[in-house]
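Working notes, structure below.
The values are calculated or read from the model by the stated rules, or taken from the named source; none is laboratory data. Source: prediction; values computed, not measured. Please note: Cβ atoms are built from the backbone with ideal geometry, for glycine as well, and neighbour counts cover all protein chains shown.
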Amino acid sequence: MSLDFRARVDDRGLDVEFAIAPGETVALLGPNGAGKSSVLSLVAGLLHPDSGQVVLNGRTLVSTSDGTDLPPHRRHVALLAQQPLLFPHLTLRENVAFGPRSLGRPRGESRNQADLWLARVGVADLAARKPAEVSGGQGQRAALARALAVDPQLLLLDEPLAALDVAVAPDLRHTLRQLLADRTALLVTHDVLDALLLADRVLVLDHGRIVEHGPTREVLSHPRSPYTAQLAGLNLLSGTWQDDHVVLPDGTTVHGLVAGPPPSSGEPVVATFRPHAVAIYPDQVAGSPRNSFDVQITEIEPLGDLFRVRTERLSADVTAQAVVDLGLAAQMPVRFSVKATEVAIYGL
């Protein structure tokens, strides 16, 4: 299902226009107050534009030119928020079945749909439990099942992993990736991994305007706005999984900790690590660390109390004393070292 969005909300300083192709997942990135949640609210029917229109699969949801304004329950849109927001007095099965029942489907069919979706998100064994009897991650899986059980034409995701423990998020992110493969979705997130692993394209909002847009990897690899540059501060290397490590296109191997289901041999993966996890050596690395990269410094940028040492594809954050002691300068060849425990590996 396609989405065509054009809306202006004067008191929020929002003026945005974009389109989503059928089966495409688009991520909305941007600092707090940029207008991301307002865009979701406009699509869902929780906020009304001063001018513009929103068209889903050829059907007008709202248009200020002709007065069309469908109520939320008639828009065929489902919203998954940060918190599960499940009905506390209903079991997980009853929560998921609520949507189909509200659409007029028979009780038995609705229960079957609920069981099907609970199984697809991995909590079928918890169907008879109430929200208070499951973990936050399990509740969010049930909320995802509830959103999909009504077969929405568009799925809206408002930072669906933000409230989850870091140990739980990778598995649910993997589930989301599978379920979004053939669906049209609009994702709001502050997490670069959500964008990289879930979205085909990204739109970067700032002060109510789109300041960057394009394929996810392209935008994050070549950021053109301060926010995107900050977001893309995460080092990311793409390669393939082989045995117990990542092999980069140039043959370099990277070891780390796999987040989520183990990749299959030959499967494309990404290895990520923070700039502050990188140690810099001017010569050979003492102790033969697990991961090391021969690089050439392109620039050294002040970053608060630290300095960011940039190369063509990697960055490291070091103290001013380290810059002086190592005599770091642009064009200088050095070696970056990263412990395997600092590297997270994600299957694509």
Breaking point among (1) touching a strand residue (DSSP E or B) at 6+ places or on another chain (Cβ under 7 Å); (2) β-branched (Val, Ile, Thr); (3) over 25 Å from Leu144 (Cβ atoms), for Val9: (1)
Pair list, Cβ under 8 Å, 6 or more apart: the range 63-76 residue closer than 13 Å to Pro49 by Cβ, other residue assigned to a loop (DSSP other than H, G, I, E, B) and of a type in the set (D, E, K, R): Thr64/Asp50
Within the range 152-167, tally of residues that are farther than 17 Å from His190 by Cβ and modelled with pLDDT under 90: 1
Residue match in the range 129-146 (condition: buried (at least 18 other Cβ atoms within 10 Å of the Cβ), touching a strand residue (DSSP E or B) at 6+ places or on another chain (Cβ under 8 Å) and among the hydrophobic types (A, V, I, L, M, F, W, C)): yes
Conditions (1) outside any helix (DSSP H, G or I); (2) modelled with pLDDT under 95; number of the one not met by Leu61: (2)
Odd one out for Leu79, checked against (1) surrounded by fewer than 14 Cβ atoms within 10 Å (Cβ to Cβ); (2) within 24 Å of the chain's Cα centre (by Cα): (1)
When residues of the range 328-348 are limited to those that are within 31 Å of the chain's Cα centre (by Cα) and of a type in the set (S, T, N, Q), the one surrounded by the most Cβ atoms within 10 Å (Cβ to Cβ): Ser337
Enumeration of residues in the range 228-269 that are at pLDDT below 90 and in contact with an Asp or Glu (Cβ under 6 Å, 6 or more places away or on another chain): Thr228, Gly260
Residue list for the range 312-327, restricted to those being in a strand (DSSP E or B) and exposed (fewer than 15 other Cβ atoms within 10 Å of the Cβ): Thr319
Positions within the range 308-338 being touching a helix residue (DSSP H, G or I) at 6+ places or on another chain (Cβ under 8 Å) and farther than 15 Å from Arg274 by Cβ, in sequence order: Leu328, Val334
Qualifying residue in the range 294-311 (condition: at pLDDT below 90 and either assigned to a loop (DSSP other than H, G, I, E, B) or in contact with a Leu (Cβ under 9 Å, 6 or more places away or on another chain) (or both)): yes
Condition met for Leu46 (more than 30 Å from Arg217 (Cα to Cα), surrounded by fewer than 17 Cβ atoms within 10 Å (Cβ to Cβ) and out of contact with any Cys (no Cβ under 6 Å at 6 or more places or on another chain)): yes
Of the criteria (1) closer than 24 Å to Ala19 by Cα; (2) among the β-branched types (Val, Ile, Thr); (3) buried (at least 23 other Cβ atoms within 10 Å of the Cβ), which one Val123 fails: (1)
Selection count where residues are out of contact with any Asp or Glu (no Cβ under 7 Å at 6 or more places or on another chain) and closer than 21 Å to Val150 by Cβ, scope the range 117-129: 8
Any hit, the range 267-280, residues being part of a loop (DSSP other than H, G, I, E, B), in contact with a His (Cβ under 7 Å, 6 or more places away or on another chain) and touching a residue at least 24 places away in the same chain (Cβ under 8 Å): no
Complete set of residues in the range 195-210 that are modelled with pLDDT of 90 or more and hydrophobic (A, V, I, L, M, F, W, C): Ala195, Leu198, Ala199, Val202, Leu203, Val204, Leu205, Ile210
